[in-house]
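Asker: One structure is given below, represented as structure tokens, and several questions about it will come after.
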Amino acid sequence: LCRPLTKRASRGSIDSLQWTLGASSRLFSSAPSNSHDEDTIFALSSGFTGQQATAVAVLRISGSQAHHVFDSMTKSRLPPPRQAALRKLYDPARGQMLDQALCLLFESPNSFTGEDLVELHCHGSRAVVQAMLDVLPTLGCRLAEPGEFTQRAFGRGKLDLVQVEALADILGADTQAQLKQALSQLDGNLSKLYDDWRGRLISGLAHAEAVIDFGDDERLGEDDILDDDSEQWNVWGAVGDNMIALSQSMKEHLRDERKGELIREGVKIAIVGPPNAGKSSLFNLLSKKDAAIVSPIAGTTRDVLQVSMDLGGVKCTLQDTAGVRKDTDDVLEIEGIKRAQSVAENADLVVAMVDGSSGADKAGGLDAVKSILDENKLSASMLVMNKCDIKDDGEDSKGEESSGFGNTYDISCVTQEGIDDFLDALSQAVTSRTQDDSGNEGAVITRARHRQHVEAAADALERFKVLSGQGPLAVDMAAEELRYAASELGRITGAVDVEDVLDVLFSDFCIGK
Ligand SMILES: Nc1nc2c(ncn2[C@@H]2O[C@H](COP(=O)(O)OP(=O)(O)OP(=O)(O)O)[C@@H](O)[C@H]2O)c(=O)[nH]1
Ligand SMILES: [K+]
Ligand SMILES: [Mg+2]
């Protein structure tokens, strides 16, 4: 943990967090402490564009010398911890006043980093910020690497890895749903679930260690061990049942339709349909931007366009695609269709749009859309019949070909007829894909990284299930699966530590007596 972050990530702390989290979790495990980590660091923690002044600029100083650094800049006594105090700040070498700032002092371990920490709420002008950045390095501290404050918080156990991720998500949140989810994760909801599961695995493992080390004649809770039905020694007993129940919980946790990940990453909505259906018109209408070119020429859109939008508090990525036709030799068009198909395949929600006006080839349009969607995508899609403003009254806009699609909506991008209803339905579809009605209190998987580890742990428990039925000779191997599952969960929160097993062994089973 204590090695410096790469200089590649130099654009501020969020970038570096992303980079760090993308790297191997081993980075966080148990690197030895070095002098780099003992440095007292400082950084401008509030946003500063470098162009425009802000009312306030917050500088943070963290490390063993933080209070000393602050002390040397003021000519009055240090304020008590956690109490805001107005102080004049000086360059001690020249005696020149730098600013008058609101100052906050935190004492280790009760600070964000867990170290002694000082926050200076200065005036946010370029001159003040520059003066502070010039003077601080002369006082025995150095500029922090991106993300280094958070890295120290992790190293001192103030945050676990899942909470570090949550912090990055809070800083990157665009929508209320993202924010709510990240705040719940920072609060420790997800960590608690994984820690709890890991605790159960370690207990199970401790039981196995006991059986292995002392043999089953040690009477490790005789009732648990004797299997009534078979009248054989069942080495796992209730512990085995507990592990199997745990594997059920994990499987349920994984059956979440990626709701948490969808909230975090955004719901991908693809608009697909034949040329000239009005896809780009709808794209512009929904995104309230003139982002896509609209024209009566079929084949106007070639590339995939996308915009982010907020639908009912959920982040969505709306994608416009090239028109799809079944029979074409045009190389450019074929490439466009290929891209449209790939966008549809990767979308969480497909809006299939055809020209529903009188005289339009609806059957051909619907047929073309069907040719690029698989059955699941098709049945979950929303079918939009556009241009209802130029449709004869009473004419049924859709024919038999619309069977297989999801609900149908008649709209006009020109008169905006039917748009409100369609938008409501779209919002609802997005919400139903992201709302967690399991009552899980926010303990949902938010990243593929979590999913991978939980899946690996669940797989290990499946193997445990088989091995645990194979009697005393397989205890070793079954225990190994529990160990593996526990370490996979430990990797999620960054807490892998084998000593736990021994701790539980002696505290839970009292074998030493
Ligand atoms: N009357 C009427 N015309 C529409 C409506 N929506 C779009 N149009 C017109 O239909 C034509 C095609 O619209 P686009 O939005 O470019 O259609 P597209 O599906 O993106 O077309 P490609 O990108 O070429 O596949 C344009 O002339 C639009 O002005 C509508 O609801 N009613
Ligand atoms: K067009
Ligand atoms: Mg278009």
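The values are calculated or read from the model by the stated rules, or taken from the named source; none is laboratory data. Computed from a predicted model, the values in this text were never measured in an experiment. Every residue, glycine among them, receives a Cβ derived from its backbone with ideal geometry; neighbour counts consider all protein chains shown. All accessible areas refer to the heavy atoms of the entire protein, side chains included, with ligands and DNA or RNA removed. Shrake-Rupley method; radii C 1.70, N 1.55, O 1.52, S 1.80 Å.
Asker: Among the residues of the range 293-333, which ones are in contact with a Lys or Arg (Cβ under 6 Å, 6 or more places away or on another chain) and within 13 Å of ligand 3 (Cβ to nearest atom)?
Answerer: Val304, Asp320, Ala322
Asker: Count, please, the residues in the range 260-274 that happen to be out of contact with any strand residue (DSSP E or B) (no Cβ under 7 Å at 6 or more places or on another chain) and surrounded by fewer than 21 Cβ atoms within 10 Å (Cβ to Cβ). Walk me through how you get there before you give the answer.
Answerer: Restricting attention to the range 260-274, the residues satisfying the condition of being out of contact with any strand residue (DSSP E or B) (no Cβ under 7 Å at 6 or more places or on another chain) are 260-262, 264-265.
Within this subset, residues satisfying the condition of being surrounded by fewer than 21 Cβ atoms within 10 Å (Cβ to Cβ) are 261, 265.
Of the residues in the range 260-274, 2 are out of contact with any strand residue (DSSP E or B) (no Cβ under 7 Å at 6 or more places or on another chain) and surrounded by fewer than 21 Cβ atoms within 10 Å (Cβ to Cβ).
Asker: Here is a check on your reading of the model: is Glu401 of a type in the set (D, E, K, R) and either open to solvent by 50 Å² or more (accessible area, probe 1.4 Å) or in contact (Cβ under 8 Å) with a residue 60 or more places away in the chain (or both)?
Answerer: Details: of a type in the set (D, E, K, R): yes; either open to solvent by 50 Å² or more (accessible area, probe 1.4 Å) or in contact (Cβ under 8 Å) with a residue 60 or more places away in the chain (or both): yes.
Taking the combined requirement at face value, the residue satisfies it.
Asker: Now, a different point. Report yes if Ala270 is within 16 Å of Asn346 (Cα to Cα) and within 16 Å of ligand 1 (Cβ to nearest atom), otherwise no. Can you show your working first?
Answerer: On the way: within 16 Å of Asn346 (Cα to Cα): yes; within 16 Å of ligand 1 (Cβ to nearest atom): yes.
Considered against the rule, which asks whether it is within 16 Å of Asn346 (Cα to Cα) and within 16 Å of ligand 1 (Cβ to nearest atom), Ala270 comes out as yes.
Asker: Give the residues of the range 277-301 that are more than 8 Å from ligand 1 (Cβ to nearest atom), open to solvent by 30 Å² or more (accessible area, probe 1.4 Å) and either assigned to a loop (DSSP other than H, G, I, E, B) or free of Cβ contacts under 8 Å to residues at least 60 places away in the same chain (or both), sorted by residue number. Talk me through it step by step, then tell me what you get.
Answerer: Let us first name the residues in the range 277-301 that are more than 8 Å from ligand 1 (Cβ to nearest atom), namely 285-291.
Add one more test, that the residue is open to solvent by 30 Å² or more (accessible area, probe 1.4 Å), and what stays is 285, 288-291.
Within the range 277-301, Lys288, Lys289, Asp290, Ala291 meet the criteria.
Asker: Can you name the residue in the range 142-175 that is buried (at least 23 other Cβ atoms within 10 Å of the Cβ), outside any helix (DSSP H, G or I) and of a type in the set (A, V, I, L, M) and, of all such residues, is modelled with the highest pLDDT?
Answerer: In this case the residue turns out to be Ala144.
Asker: So Gly404 fits all but one of (1) touching an Asp or Glu at 6+ places or on another chain (Cβ under 8 Å); (2) modelled with pLDDT of 95 or more; what number is the exception?
Answerer: So Gly404 meets the others, but not (2).
Asker: From the list Asp436, Asp503, Asp508, exactly one residue is modelled with pLDDT under 90, more than 30 Å from Val294 (Cβ to Cβ) and touching a Lys or Arg at 6+ places or on another chain (Cβ under 8 Å). Which is it? I'd like the intermediate steps shown before the answer.
Answerer: Working: Asp503 fails: touching a Lys or Arg at 6+ places or on another chain (Cβ under 8 Å); Asp508 fails: touching a Lys or Arg at 6+ places or on another chain (Cβ under 8 Å).
So the residue among Asp436, Asp503, Asp508 that is modelled with pLDDT under 90, more than 30 Å from Val294 (Cβ to Cβ) and touching a Lys or Arg at 6+ places or on another chain (Cβ under 8 Å) is Asp436.
Asker: Moving to a separate point now. Which condition from (1) assigned to a strand (DSSP E or B); (2) within 15 Å of ligand 1 (Cβ to nearest atom); (3) within 28 Å of the chain's Cα centre (by Cα) is the one that Asp310 breaks?
Answerer: Unmet condition: (2).
Each row is one residue, and each column tells you yes or no for (1) open to solvent by 10 Å² or more (accessible area, probe 1.4 Å); (2) closer than 29 Å to Leu161 by Cβ; (3) in contact (Cβ under 8 Å) with a residue 24 or more places away in the chain.
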{"site": "Gln65", "(1), (2), (3)": "yes, yes, yes"}
{"site": "Lys75", "(1), (2), (3)": "yes, no, no"}
{"site": "Tyr90", "(1), (2), (3)": "yes, no, no"}
{"site": "Met97", "(1), (2), (3)": "yes, no, no"}
{"site": "Val118", "(1), (2), (3)": "no, yes, yes"}
{"site": "Ser125", "(1), (2), (3)": "yes, no, yes"}
